[in-house]
Amino acid sequence: MRMSAIPLVLGACILVAACGGGGGREIEIVATDTGCTPTALTARTGEKLTFVVKNQAKGDRELEGEDGTKLEEVLIPSGRTRKINYTTPDEEGTQKLKCYIPGGPETLIELRVTKAS
């Protein structure tokens, strides 16, 4: 009986390793009824980030890339937190994220990407 548990445990360990991580430095974004903070962020080229979006607004909030920023729209229900993995581009520049209530106020978050040292 003990021997049959070993493959099960090994399989679970492999699954956890395959599904784990992926994110990098965590950046907290707080969404309220009046907007999102912070509105300015900095990162290095090719940096792995995890946006931790806490929705303290009464309604749902959404976060998505703007003006060519490659971040698909993510819905954050009221009272919930979502972690969103994102890797900055390999070129310097400004990435734009839109944090908003559909049909309501929106905040543009500028992510300034500088050359990795």
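Rule-based calculations on the coordinates, nothing more; no lab input. Everything quoted here is computed from the prediction, not taken from an experiment.
Skipping prolines and chain starts, which residues have an amide H placed within reach, meaning under 5 Å, of the one on Ser78, given they are 5 or more residues away or on another chain?
Those qualifying (amide H under 5 Å, at least 5 residues apart or on another chain) are Asp60, Arg61.
Step through the residues of region 51-61 one at a time and calculate ³J(HN,Hα) from phi using the Karplus curve (6.51 cos²θ - 1.76 cosθ + 1.60, θ = phi - 60°), rounding each to whole Hz and writing x for Gly and Pro.
7, 9, 9, 9, 8, 9, 7, 6, x, 5, 10
Amide H to amide H, which residues 5 or more places from Leu41 or on other chains are under 5 Å from it, using H placed in the peptide plane?
Amide H to amide H, under 5 Å and 5 or more residues apart or across chains, Leu41 pairs with Glu110, Leu111, Arg112.
Short version: ³J(HN,Hα) in whole Hz for each residue of region 100-107, in order, from phi by Karplus 6.51 cos²θ - 1.76 cosθ + 1.60 (θ = phi - 60°), x for Gly and Pro, what are they?
7, 9, x, x, x, x, 9, 10
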